[in-house]
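Just below is one structure, and these are the notes that go with it.
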Amino acid sequence: MLLIVQDGQGNQQTVVVKGQEAVVDYSGSITTTGQSQALLAASSTRSGWLFQNNGGSPMTINEIGNSPLSSSWVVAPFGGMFPPENFPLTTQQLNVAGVAGDIYTLRAW
């Protein structure tokens, strides 16, 4: 859950706390080998996400809206990825690239 709070300096800060948001399934598959595709659309209300590569080849994830073929995280087959505790949670589009036909599991809230 995203909350906007005021810090001791009077500045607004956005923080993420564990809440009871609805979890939505965005699972799918890679459509074109080596091409960036949207994994999650940009969302100013995103509170978290979990990703697992269920395919036979590595996939790349980019959480800052750029092409996942540059500056991206590699997720090995049957490996997973999620934002670690205290890691800034992006509200930008998440992208993925991999081998056509490989599937993934994705949940977001």
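Nothing in this text is a laboratory measurement; each read-out follows from the coordinates by a stated rule. For clarity, every value in this text was computed on a predicted model and none was experimentally measured. Here the Cβ is made from the backbone with ideal geometry for all residues, glycine too, and neighbour counts use every protein chain on show.
Below are the figures for this structure:
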| quantity | calculated |
| --- | --- |
| Residue in region 82-100 that is assigned to a strand (DSSP E or B) and surrounded by fewer than 19 Cβ atoms within 10 Å (Cβ to Cβ) present | no |
| Within region 51-109, tally of residues that are farther than 21 Å from SER29 by Cβ and touching a residue at least 40 places away in the same chain (Cβ under 8 Å) | 5 |
